[in-house]
Amino acid sequence: RVNIRKLKDNIWREMAGGDRRKSQAMDLAQPADMSLDGDDDLTALAGNQKFSDVISSLKNVYPTEKLEDLSVSFCFICLLHLANERNLRIEGDASLCDLVIAQDHFD
């Protein structure tokens, strides 16, 4: 069973965390009712990201047995939610084999 809220939070941490990724990896035993929304310092995307790289980086957060429960579909659904919440732009790359994720900044 996949906790979508944790997955979404972990995907955002991997995209926005930069060098802090490993130190910010959340404990998988953490109760589901604890929210990570208080991470105000992780509000900006760390440059343009490729969807395939984001998915690959989840190896830093989840143990192998948990990774087997995750699917690209779950990750994409979380990315769509994050795009809506964090003003992300999702576009196909030049070869249309991957997605490029960027953040729109409004002044």
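The values are calculated or read from the model by the stated rules, or taken from the named source; none is laboratory data. Since this is a predicted model, take the numbers as computed values, not measurements. Positions of Cβ are generated from backbone atoms using ideal geometry, with glycine treated the same way; all protein chains shown enter the neighbour counts.
Name the residue, out of ASP40, ASP27, ASP19, that is closer than 19 Å to HIS105 by Cβ, of a type in the set (Asp, Glu), modelled with pLDDT under 95 and out of contact with any strand residue (DSSP E or B) (no Cβ under 7 Å at 6 or more places or on another chain). Give the steps one after another, and end with the answer.
On the way: ASP27 fails: closer than 19 Å to HIS105 by Cβ; ASP19 fails: closer than 19 Å to HIS105 by Cβ.
Within the list ASP40, ASP27, ASP19, the selection yields ASP40.
Where residues in region 46-70 are in contact (Cβ under 8 Å) with a residue 12 or more places away in the chain, in a helix (DSSP H, G or I) and small (Gly, Ala, Ser), which of them is farthest from ILE90 (Cα to Cα)?
Residues of region 46-70 that are in contact (Cβ under 8 Å) with a residue 12 or more places away in the chain, as a first pass: 46, 48-52, 54-55, 57-58, 60-63, 66, 69-70.
So of that shortlist, the ones also in a helix (DSSP H, G or I) come out as 51-52, 54-55, 57-58, 60, 66.
Applying the additional criterion that residues be small (Gly, Ala, Ser) yields 52, 57.
Numbers: SER52: 13, SER57: 18 Å.
Ranking the qualifying residues of region 46-70, first place goes to SER57.
Take region 38-93 and flag every residue that is surrounded by 16 or more Cβ atoms within 10 Å (Cβ to Cβ), farther than 20 Å from ARG1 by Cβ and hydroxyl-bearing (Ser, Thr, Tyr).
SER57
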